[in-house]
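The next block holds one structure in the form of structure tokens; read it before the comments.
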Amino acid sequence: RKEVEQDPGPFNVPEGATVAFNCTYSNSASQSFFWYRQDCRKEPKLLMSVYSSGNEDGRFTAQLNRASQYISLLIRDSKLSDSATYLCVVRRGSTLGRLYFGRGTQLTVWP
Amino acid sequence: DAGVIQSPRHEVTEMGQEVTLRCKPISGHDYLFWYRQTMMRGLELLIYFNNNVPIDDSGMPEDRFSAKMPNASFSTLKIQPSEPRDSAVYFCAIRGGNEQFFGPGTRLTVL
């Protein structure tokens, strides 16, 4: 079983729509959780960390359910510039550990 | 932006040739990671170093791949001999706090 599983999409939504991505992780020892964003032909970059209590950054909301080993990302009021691939990422153990990346979910926002 | 320089940015070579990819963090970091990304397999960790010492090379596909880190500001990934299935984007990343910062990648095509 893969460490991190994501729905690959693609998701195609109009501007202004709300879209949600889901991710599951297999190792209960995972301790840190992130969403990375990767634009076409670019490197992945950190979008936001995911905290146990859930957290919000502008139009982006991340949720974590440890019992179900499930992570989500909600994007409200989608913009054209949100078009990218969103990677779900987990880390086991200490902050020095390696990261495990999902395959990514592709989002296209159309005008 | 932690700053990671990778070279070359693009490499086209013929099967059987040796390929050397280079990574240079702008400032020395304690952890350095090499990843490979393809459409089929997503982002895969190949090897990572801590204080210039290889910690986990279980992701290196086979003996044709080797990596070195002679100092904190330089690392190489070598493929000898290269094969068409090695065609991918190769990323170098460094740890910065709780996240990883990726270089722009090297797009390798083996004909």
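The values are calculated or read from the model by the stated rules, or taken from the named source; none is laboratory data. If you're wondering where the values come from, they're calculated on a predicted model, not measured in any experiment. With ideal geometry, Cβ positions are generated from the backbone for all residues, glycine too; neighbour counts draw on all protein chains shown.
Can you tell me which residues in the range B:69-91 are in contact with a strand residue (DSSP E or B) (Cβ under 7 Å, 6 or more places away or on another chain), surrounded by 13 or more Cβ atoms within 10 Å (Cβ to Cβ) and not small (Gly, Ala, Ser)? Let's see the steps before the verdict.
At the first step, the residues of the range B:69-91 found to be in contact with a strand residue (DSSP E or B) (Cβ under 7 Å, 6 or more places away or on another chain) are B:69, B:73-79, B:82-84, B:86-91.
This time we only want the ones that are surrounded by 13 or more Cβ atoms within 10 Å (Cβ to Cβ), so: B:69, B:73-79, B:82-83, B:86-91.
The answer is B:Met69, B:Phe74, B:Thr76, B:Leu77, B:Lys78, B:Ile79, B:Glu83, B:Asp86, B:Val89, B:Tyr90, B:Phe91.
Considering only residues in the range B:24-39 that are closer than 13 Å to B:Phe102 by Cα and at the interface with another protein chain (Cβ under 10 Å from one of its Cβ atoms), the one that is surrounded by the fewest Cβ atoms within 10 Å (Cβ to Cβ) turns out to be B:Tyr31. Screening B:Gly59, B:Gly42, B:Gly96 for residues that are among the small types (Gly, Ala, Ser), in contact (Cβ under 8 Å) with a residue 40 or more places away in the chain, within 14 Å of chain A (Cβ to nearest Cβ) and under 19 Å from A:Glu43 (Cβ atoms) leaves exactly one candidate, B:Gly96.
Only one of the numbered conditions (1) touching a Gly at 6+ places or on another chain (Cβ under 8 Å); (2) closer than 22 Å to B:Leu45 by Cβ; (3) loosely packed, with under 14 Cβ neighbours inside 10 Å is not met by A:Asp77, and that is (2). Please work out which residue is nearest to A:Arg37 (Cα to Cα), limiting yourself to the range B:6-23 and to residues that are within 12 Å of another protein chain (Cβ to nearest Cβ) and surrounded by fewer than 15 Cβ atoms within 10 Å (Cβ to Cβ). Within the range B:6-23, the match that is nearest to A:Arg37 (Cα to Cα) is B:Arg9. Here B:Ala67 passes the criteria (1) more than 24 Å from B:Thr13 (Cα to Cα); (2) modelled with pLDDT of 95 or more; (3) among the hydrophobic types (A, V, I, L, M, F, W, C) except the one numbered (1). For A:Arg92, the criteria (1) free of Cβ contacts under 8 Å to residues at least 60 places away in the same chain; (2) of a type in the set (Lys, Arg); (3) touching a strand residue (DSSP E or B) at 6+ places or on another chain (Cβ under 9 Å) hold in every case but one, which is (1).
Checked against (1) under 30 Å from B:Leu32 (Cβ atoms); (2) within 14 Å of another protein chain (Cβ to nearest Cβ); (3) among the charged types (D, E, K, R), A:Arg1 meets all criteria but (2).
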